[in-house]
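Novice: I'd like to ask you about the structure that follows.
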C-alpha cells in the first residue's frame, strides 16, 4: 500500500530514505542547539536564584525599589540646593577690574587705584582711592548693569571695562609663547 502510494507520487524508495535521513540529521542538530540554550538558561537562572526562594527574591526587589525611591528623593533635594546656590552665586561679586595709577604728579609711584567689583549682571561698585603725600581720598560709585549714574574718571572707566570684559583682558595678558 505504501509502495503503491510512493510509486504514484513518483519518488524512488532510496530517495525517500535519503530525504528522511537528512530531515532526521537536521532535527538532531536542532535538538542539540535547543538543549544547549536550555542548559545556558538553566545555569543563568540558577545563578540568579542562588540562595533565594520566591519570598527572598520579592523582598530584594522591593528593597531595590525602596532604594530607588530614596535616590530619587536625594536627587530632587540636590537639584533644589543647586538651584538655590546658583541663585546666590549670581548676586556674588564675580568680576574684578583694577587699575593702578599716579593720581598726583608730585608723588612718585602708582599708589592710587580704581577697583571695580561686579556680579553676573554687571552690577556692583567702583572704589577709587587717590593717594597723595598729605592724605588718601576714597570714592565709591554704584554700577548698575554696566553703567554708572555718576560720571566716572578715566581710571574708573578702564577698571569698569576690565571687570566687564575680564576674559578678554586675561587672554591678552597671557604669554603667547606658552601657548605654542
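Novice: Can you list, largest first and rounded to whole Å, the semi-axes you get for the stretch 12-170 by taking the square root of 5 times each eigenvalue of its Cα gyration tensor?
Specialist: Values: eigenvalues 1416, 122, 36 Å².
For the stretch 12-170, the semi-axes come out at 84, 25, 13 Å.
Novice: Please compute the volume of the convex hull spanned by the alpha-carbon atoms of the stretch 65-124 and report it per residue in Å³.
Specialist: Taking the convex hull of the Cα positions in the stretch 65-124, it is 77 Å³ per residue.
Novice: Further question on the same structure: Any idea what diffusion coefficient the stretch 95-173 gets from Stokes-Einstein, in µm²/s, Kirkwood Rh on alpha carbon pairs, 10 °C, 1.306 mPa s?
Specialist: On the way: Rh = 12.8 Å.
Reported coefficient: 124 µm²/s.
Novice: Okay, next question. Sorting 88, 162 on the 10 Å Cβ count, fewest up front, what's the list? Write down the numbers at each step before the final one.
Specialist: Values: 88 9, 162 19.
So the residues, fewest neighbours to most, are 88, 162.
All of the numbers you see were taken from the coordinates with simple rules; none came from a lab. Note that the coordinates shown come from a computational prediction; the quantities given were computed from them, not determined experimentally. We place every Cβ from the backbone using ideal geometry, glycine too, and count neighbours over all the protein chains shown.
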